[in-house]
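No value in this document is a laboratory result; all are computed from the given coordinates. Here the structure is a predicted model, which is why all the values come from computation and not from measurement. As a convention, Cβ positions derive from the backbone with ideal geometry for all residues, glycine included, and neighbour counts pool all protein chains shown.
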Amino acid sequence: MNKIRLSGSTLNISPIVLGMWHVNTIEQNQFEKLVESGLESGITTFDHADIYGGYTCEGIFGKWFKNSSVKREDIQLVSKCGIKLISENRPDHTAKQYDTSKAHIIDSVNRSLKSLNTDYLDLLLIHRPNPLIKPREVGEAFDELKVAGKVKHFGVSNFTPSQFSYIKNDCGVPLITNQIEISAFASEVMFDGTLDYFQKHKLSLMAWSPLGGGTHIKSIVENELVKTLAKKYELSIGDLLLCWLQNHPAPIVPVIGTMNPDRVKSATKTLGIAMDSADWFQLLEITRGREIA
Ligand SMILES: NC(=O)c1ccc[n+]([C@@H]2O[C@H](COP(=O)([O-])OP(=O)(O)OC[C@H]3O[C@@H](n4cnc5c(N)ncnc54)[C@H](OP(=O)(O)O)[C@@H]3O)[C@@H](O)[C@H]2O)c1
């Protein structure tokens, strides 16, 4: 499977990324099957965050990675920082808050590296825009992590174009992606200027919850037109939604969240399938529940 070069940088990731948000909900042997089914299908990039599973998910991956024969250079590890949760695993946290201070970013990365059993991250993202952010301080943390070889590339998540532009201009190191919610169920970013901004600046996006988090699918599985389209493209309904996303001209890399190894495998079938624009718009109308204007 061909890799995607993120925003013209030297970071090459798989065109579908496997999200690790819910890996604390499955047994370790199921986790191994999940990751291995990804690797067998060419999915080599794993999306983490320090906070997933109340600070436990990175450790689940790290335990698997330590005992696996997979070489570090054959996978890409993404993680995020900047949110502090109240958790028994972080007894020093006194309130839920965002923290993008230099000290917190560096401390968070050090902990992620330890949990993941690795000595570097391929990509570090600031998890959410922080109203109290000081871009120069973020830049200093990023510089220090880059010089120390602990993080190779940097980006953000859930930033609006203006938040992205503000921090990009002030923080120094190149920001190579914004990971945001995009799906047929969350398509506003295709209409409100968000995607256009990233397309204009030739920046790749990562799409979280590309199936809308799974809860919305139930509302369309019995739709006759959806069933017809799934049959036409020889895809499951979940994969039809992934295919829909990948047919947007912006460089969007979906971060899938299934814990089902068979769904991980089948997701890669969607790559390179061209969807007719009439089908694309019909699917959009169904997921939006209203006609396009
Ligand atoms: N940056 C951020 O702020 C942020 C926020 C949220 C998530 N993320 C990242 O994005 C990843 C994906 O998020 P997500 O889990 O919300 O993604 P998603 O892929 O949209 O949703 C996954 C859910 O959909 C279900 N599902 C998949 N196919 C289905 C089908 N055909 N029918 C019914 N249900 C189906 C899955 O159930 P099964 O497990 O049973 O297949 C799972 O519960 C996360 O793991 C995380 O890495 C990032």
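Among the residues making up the stretch 150-173, those that are crowded, with 20+ Cβ neighbours inside 10 Å, within 16 Å of the ligand (Cβ to nearest atom) and in a helix (DSSP H, G or I) are 164, 167. Could you list all residues from the stretch 18-42 that are free of Cβ contacts under 8 Å to residues at least 60 places away in the same chain and within 9 Å of the ligand (Cβ to nearest atom)? Matches in the stretch 18-42: 20 only. Of the candidates 2, 12, the single residue that is free of Cβ contacts under 8 Å to residues at least 60 places away in the same chain and either under 24 Å from residue 202 (Cβ atoms) or surrounded by fewer than 21 Cβ atoms within 10 Å (Cβ to Cβ) (or both) is 2.
Looking across 277, 209, 266, one residue alone is under 19 Å from residue 157 (Cβ atoms) and of a type in the set (S, T, N, Q). It is 209. Of all residues in the stretch 82-101, none are β-branched (Val, Ile, Thr) and within 18 Å of residue 31 (Cβ to Cβ). For the stretch 200-235, a tally of residues being closer than 19 Å to residue 16 by Cα and surrounded by 16 or more Cβ atoms within 10 Å (Cβ to Cβ) returns 12. Listed by position, the helices (runs of 4 or more DSSP H) contained in the stretch 178-259 that have at least 1 residues being farther than 30 Å from residue 60 by Cα, away from the ligand (no atom under 14 Å from the Cβ) and not aromatic (Phe, Trp, Tyr) are 194-200, 224-233. In the stretch 224-246, the residues that are of a type in the set (Gly, Ala, Ser) reach residues that are surrounded by 14 or more Cβ atoms within 10 Å (Cβ to Cβ) and not in a helix (DSSP H, G or I) with C-beta atoms within less than 9 angstrom, at least six apart or across chains, in these pairs: 230/236; 238/211; 238/256; 238/258. Note on the stretch 272-293: among residues that are of a type outside the set (S, T, N, Q) and within 16 Å of the ligand (Cβ to nearest atom), the one that is surrounded by the fewest Cβ atoms within 10 Å (Cβ to Cβ) is 286.
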